[in-house]
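Okay, structure first, notes after.
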Amino acid sequence: MLVAAHLREAVVMKRGFALFMLVSGAASADTYDVPPRLTNGEQFNEAGAAFGFCLAQQRSFELARQHHPDLARTASLVEQQFNSRTGDACGSLERQMQRSVEAIEFGKWPSFRTSLVERLALVIVPQLEVLGDRSIAAQFVEDVRSRSEGEIDVAIASQLIRASEKFRKSPESQWPRWTRTWETAASPEAKGLTVRVRVPLSFVEADPNATHMLRKWTLPLANDGTYVMLNVSHFPFLAGESLPQAMAEFESTSPEQMGAYSVEGLTNARLLKSRAVTALRRPAFVLESEAEGSAVGYEGRMRMHMLMALVPTGSVSIGCIVGVPKTNSAHLAALADRYAPLCLLFLSSLTDASKP
């Protein structure tokens, strides 16, 4: 009941953000521990919806404790649990919005925030009167307990997890609670491929930019073109090719040979690691390399993790790329090391979607 109410309130918050348009796309900070500033109306709208959700939930806890002292301790523990398991996302989101608003007009945030809270109060106060009923208040507390386990609207959760400074410092810590499942059945270009992967909620789904790519997801780390990208690609068998033939070739190919094939044709590329593994119960390879290029529209240098696996329809490649613009090449190694655990978790999430 209150979940739906909070989401309605969050939508109302969007209206205020439509008034602001940033005129600068400057980098958000000298560190990648904080999310980049919001740079357009759509981003402000989406962040505003999540901010409204946070304010509504906070006020609900306050009212539950005020009306029902016997619930106060449990309510406080559940609130702390939610904040901890979302990486203090609500606090991080507010700091992101403050930086973004201050970039438009220095000193504007206090009055801007006050105006938002006042508008939100007009909507939520009448709806939250039901918290005077103890059974409803107790159910709200249990609902938030479920939210802290990931049972929360994906659009809101994505905004919160993307803003979390804790998860930016330790990206793999959002696994597996703050991930969603994507299956190739969602792509019209899958051509019989039936696999699934788990994608962190902090990543935004985007259209493919390569011939065999089925889907990609991106996470901007700064407004200068520093990013992480996940992707799934499918390479169907050509006429005359078969799975037994491909398995024989994989089994007879050394990791070094497969690594050399993976960087062939890339600019200033170097192979870092290559090892034979088993994926989908068939021979496969995990590769790590660096090269120059563009994966999301910015030329720079990239660190790439890739899993090449065989499927009945051909081969599937899932990858995780950390990229920086040429001017920031010195940051690549540290960022790549930070996101490597998350990259490997993404690669290991590949499973057969046709199996229960």
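FYI, it's all coordinate maths here, none of it is from the lab. Computed from a predicted structure; not experimentally measured. Backbone-built Cβ (ideal geometry, glycine too); neighbour counts: all protein chains shown.
Remark: the Asn268-Arg282 segment gains 1.9 nm on full extension, using 0.36 nm per residue and subtracting the alpha carbon distance. With N as its number of residues, region 64-164 has a Cα radius of gyration that, divided by 2.2 N^0.38 Å, comes to 1.24.
The aspartates and glutamates within cross-link reach of Lys326, meaning a Cα-to-Cα straight distance under 19 Å and a gap of 8 or more places when in the same chain, are Asp30, Asp224, Glu290, Glu292, Glu299, Asp337. Selection among Gly265, Tyr227, Leu344 by position relative to the dipole of the chain gives Leu344 as farthest towards the positive end (Cβ unit charges, Cα centre). Look at the dipole of the chain built from charges on Cβ: of Phe53, Ala279, Val316, the Cα furthest out on the positive end belongs to Phe53.
Among the chymotrypsin sites (Phe, Trp or Tyr not before Pro) in region 89-151, which ones are in a DSSP loop with at most 13 other Cβ atoms within 10 Å of the Cβ? Mind listing them? Of the chymotrypsin sites (Phe, Trp or Tyr not before Pro), the ones in loops of region 89-151 whose Cβ has at most 13 other Cβ atoms within 10 Å are Phe106.
Relative contact order of the chain, please, whole-number percent, based on alpha carbon pairs below 8 angstrom and at least 6 residues apart. For the chain, the relative contact order is 15 percent. Between the listed residues Phe167, Ala291, Ala333, the Cα displaced farthest toward the positive end of the dipole of the chain, a dipole computed from Cβ unit charges relative to the Cα centre, is found at Phe167.
Rounded to the nearest 20, the Cβ-based charge dipole of the chain about its Cα centre (Lys and Arg +1, Asp and Glu -1) stands at 300 debye.
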